[in-house]
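Below is one structure, written out as structure tokens, with a few remarks after it.
Rule-based calculations on the coordinates, nothing more; no lab input. Small disclaimer: the values here were computed from a predicted structure and weren't measured. Reconstructed Cβ throughout: ideal geometry from the backbone, glycine too, with neighbour counts over all protein chains shown.
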Amino acid sequence: MPAEIISGKDLAAELKGQMKAEVSKLNDNGISPQLTVILVGNNPASKSYVKGKKKACNETGIDSEVIELSSSITENELLQKIEALNQNDSVHGILVQLPLPEHIREQKVIDAISPDKDVDGFHPVNIGRMMTGTDTFLPCTPYGIITMLKSKNIPLKGKHAVIIGRSNIVGKPVGQLLLNEDATVTYCHSKTENLKKYTQQADILIAAAGKAHFVNEGHIKEGAAVIDVGINRMENGKLTGDVDFEKVKEKASYITPVPGGVGPMTIAMLLKNTIKSAKGLDPLEG
Ligand code: NAD
């Protein structure tokens, strides 16, 4: 039987409906959740991601502002802008769209965002909280992946989750979140020898290598749940994932499409984190 498709698009739409009602209630209590996005330079992909985030804010009633800065801005000037936003009480979430121009150190910029407004969940303090299983702003893509798995009640406890990719924004944190859910986690990466040996054991396979159709039916175990994080642009301009969807769906139990899978969930989780921040929760108290 072909796999059940987990539509991130549909789940994100459902969550946005719930968040819209929540934002309206907050508005009634005089709270207006606000996200500020900083976009440096003219990278077309970054521009399109920022546009998507702004649109999603509009749909849920979250106030949003995009600050567009020239790629010639100095690191110091950018840090000063961030500090002003840290001090501005009407701003609940700050997101600096990555990548940044080469002369600006990304980690320095991430470190400058107040952990209490770090709705991307990239600040080392929030990563530390995630690792210790303390309530915090979870990084949006891994948070979206876990939410998709849970939406289908896919068993995680004691199951073997294999991650292809070990980046700081996807691979490493999604493995940590699966570990927090009592899965047994294996990380694979570009230096892994005999990748299939690991992927064929996976009950849950997360593909985040950024290589089009890299995962095929030979990589997976019958009945595995396959989450495709990859976003790759093909020669015809269309987007595709890391997984050969048509072939793998015949063998998997669940599969996510690209587009319409993890991407929309990443944005939904950003909104969720912004609302969490606006509610003024102490992340340590949950
Ligand atoms: P990255 O380039 O930082 O990391 C890629 C990882 O894949 C690395 O850890 C590398 O070791 C591993 N890798 C590369 N080739 C491999 C191979 N042959 N075998 C095993 N491992 C290999 O990328 P990233 O930022 O983690 O993003 C990964 C993909 O996910 C990209 O396509 C990116 O566009 C996409 N992405 C999607 C979303 C979303 O919202 N859907 C969010 C972030 C990233």
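Is the stretch 1-80 best put as rounded, prolate or oblate by its Cα gyration tensor, with a ≥ b ≥ c the root eigenvalues, rounded for a/c under 1.5, and otherwise prolate when a/b is larger than b/c, oblate when not?
Numbers: a/c = 3.56, a/b = 1.34, b/c = 2.65.
In terms of gyration-tensor shape, oblate.
Rounded to the nearest 20 Debye, what is the dipole magnitude of the chain about its Cα centre when Lys and Arg each give +1 and Asp and Glu each give -1 at the C-beta? Mind showing how you got there, number by number?
Details: 33 positive and 34 negative charges, 123 e Å.
That gives a dipole near 600 debye.
What is the spread of the Cα atoms of the stretch 137-245 along each of their three principal axes, largest first, in whole Å?
So the three principal-axis extents are 40, 33, 27 Å.
Please compute the contact order of the chain in relative form: average sequence separation of alpha-carbon pairs under 8 Å and at least six residues apart, divided by the residue count, as a percent. Please list the in-between numbers first.
Numbers: 564 pairs, mean separation 64.6, N = 286.
Relative contact order of the chain: 23 percent.
Between K157 and E83, what is the label-to-label distance in nm when each label sits 7 Å out along the Cα-to-Cβ direction?
4.9
Residue farthest toward the positive end of the dipole of the stretch 39-198, with Cβ of Lys/Arg at +1 and Asp/Glu at -1: which of C57, V91, N168?
Comparing the listed Cα positions along the dipole, N168 ranks first.
Go ahead and run the numbers for FRET between K196 and K9, Cβ-Cβ distance against an R0 of 30 Å, rounding to 0.05. Numbers along the way, then the final one.
Numbers: r = 30 Å, r/R0 = 1.01.
That pair, K196 with K9, gives E of 0.50.
Place a point 7 Å from Cα of A21 in the direction of its Cβ. Which residues in the stretch 265-280 have their backbone N less than 13 Å from it?
Of the residues in the stretch 265-280, none has backbone N under 13 Å from the label point off A21.
Could you pull the Rg and Dmax for the chain, using just the Cα atoms, both in Å?
When restricted to the Cα atoms of the chain, Rg and Dmax are 18.9, 57 Å.
Using r as the Cβ-Cβ distance of E235 and T74, and R0 as 51 Å, what FRET efficiency do you calculate, to the nearest 0.05?
Numbers: r = 38 Å, r/R0 = 0.74.
FRET efficiency, E235 to T74: 0.85.
Compare the Cα positions of N180, M148, A202 along the charge dipole of the stretch 114-212 (+1 at Cβ of Lys, Arg; -1 at Cβ of Asp, Glu; about the Cα centre) and return the one farthest towards the positive end.
Checking the options against the dipole of the stretch 114-212, the answer is A202.
About the Cα centre, and with charges only on the beta carbon of Lys, Arg (+1) and Asp, Glu (-1), how big is the dipole of the stretch 70-156? Nearest 20 debye, please. Each step should come with its number before you reach the end.
On the way: 7 positive and 11 negative charges, 88 e Å.
It comes to approximately 420 debye.
Do any GluC sites (Glu not before Pro) in the stretch 135-227 lie in a loop, going by DSSP, with at most 12 other beta-carbon atoms within 10 Å of their beta carbon, and if so which?
Working: sites: E181, E193, E217, E222; in loops: E181, E193, E222.
For GluC sites (Glu not before Pro) across the stretch 135-227 that sit outside H, G, I, E and B with at most 12 neighbouring Cβ atoms in 10 Å, the list reads E193, E222.
At 7 Å along Cα-to-Cβ for each site, give me the label-to-label distance between K211 and N29 in nm.
4.9
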